[in-house]
Structures are given as C-alpha cells and as structure tokens.
Amino acid sequence: MYVGANAGYGFGQATTNLGGSADMDGFIGGGQIGYNYQMGQFVLGLEADLQAADLGVSGIGGSIKTDYFGTVRARAGVAFDRFMPYITGGWAYGNVKTSVPALGISSDNSHTGGWALGGGVEYAITNNLIAGVEYLYVDLGEKGVLNNGLKVGTDFSVVRARLNYKF
C-alpha cells in the first residue's frame, strides 16, 4: 500500500458538436493512494487519484474549465530491481464548467465521466520512498448543455511527477 503526491502539466482540447474546438492547458496537482501486488517480477495494482486542475479555455463566446478530475485505474508493470515501467488504465471523472453568456449560460457546473489510459516509470529511492513520472490521456466524454442542444467534450493529456510513500 502506498500514498503520495504529484504535480504536473495538462494540455488538450475542448470541443463542441457545433464544430468548434479550442486548446486548453494548465497546472495540475494532487494525490494518489494505491496498492501493488508483486509476483516475481510482475506487479499488478489498483490506484485512485484526485487532482486540482487549472485546465481551461476562454474566448469571445464563453469559457470551458476543468477545475478538478480524478481516476480509478488498474496498473500492470515489470520490476527490474528498483526500476519499474508500467501501463495503467481505468475510469476517469471530473467537473467541467461551461459558460456561454450570449446563450444565457452563466455557469453549467456538471460532473462528467470517461476513461484514462497511460503509463509511467517508477524508481524506489529507498524501500519506502518511490519517485516516478507518469503520462495519462484523460477523456471526460461529452456533456449536454442547453437541454442537450449543445454538447461539450473535454479530453487532455497529463504529464506529472509523483512521489509515493510505501507502507
């Protein structure tokens, strides 16, 4: 079992069913908790994380902002002494705020769900302290705004540094 903190950068796109899209980027940071089970060199695990995010885009017509997201993922890796590359994937959720003043939407604050897929590398600095770098692609799906007449989709990539304490 382990618990840790992370920080990094997110970048991606916000899209609408009206054909519009815009790039978004910003800082992300948060924490994770997980459990790994090792069988020889092979490692299987589960991890949950929660991130504060400053991912957004704004323009003349309005804004779309993700201020937090999280994931619950399975992990599979291969340990080479203190070094472990791994792949990971699972469920993602987040809060996407949409504001379109011209259409009378001041802030549509809704939770969305989707999926996450990625990978990373970890290195055991000591028997209890583990550092790593991880990449995740997060797709929060589409959500309906204005009685589902306008659909907003959010997907982004995350690159983050991690530091865990293993019990």
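Computed values, structure above
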quantity: Pick from the stretch 39-61, criterion surrounded by fewer than 17 Cβ atoms within 10 Å (Cβ to Cβ) and modelled with pLDDT under 95, ranking: nearest to the chain's Cα centre (by Cα); calculated: ASP54
quantity: Conditions (1) at pLDDT 90 or above; (2) exposed (fewer than 15 other Cβ atoms within 10 Å of the Cβ); (3) farther than 17 Å from GLY77 by Cβ; number of the one not met by GLY19; calculated: (1)
quantity: Scope the stretch 22-43; condition under 17 Å from VAL121 (Cβ atoms) and in contact with a Phe, Trp or Tyr (Cβ under 9 Å, 6 or more places away or on another chain); matching residues; calculated: GLN32, GLY34, ASN36, GLN41, VAL43
quantity: Of all residues in the stretch 22-38 being aliphatic (A, V, I, L, M) and modelled with pLDDT of 95 or more, the one that is surrounded by the fewest Cβ atoms within 10 Å (Cβ to Cβ); calculated: ILE33
quantity: Residue in the stretch 71-89 that is in contact with an Asp or Glu (Cβ under 7 Å, 6 or more places away or on another chain) and touching a residue at least 60 places away in the same chain (Cβ under 8 Å) present; calculated: yes
quantity: Failed condition for MET84, given (1) within 11 Å of the chain's Cα centre (by Cα); (2) under 26 Å from LYS166 (Cβ atoms); calculated: (1)
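The values are calculated or read from the model by the stated rules, or taken from the named source; none is laboratory data. Given the structure is predicted, the values throughout are model-derived calculations rather than measurements. Please note: Cβ atoms are built from the backbone with ideal geometry, for glycine as well, and neighbour counts cover all protein chains shown.
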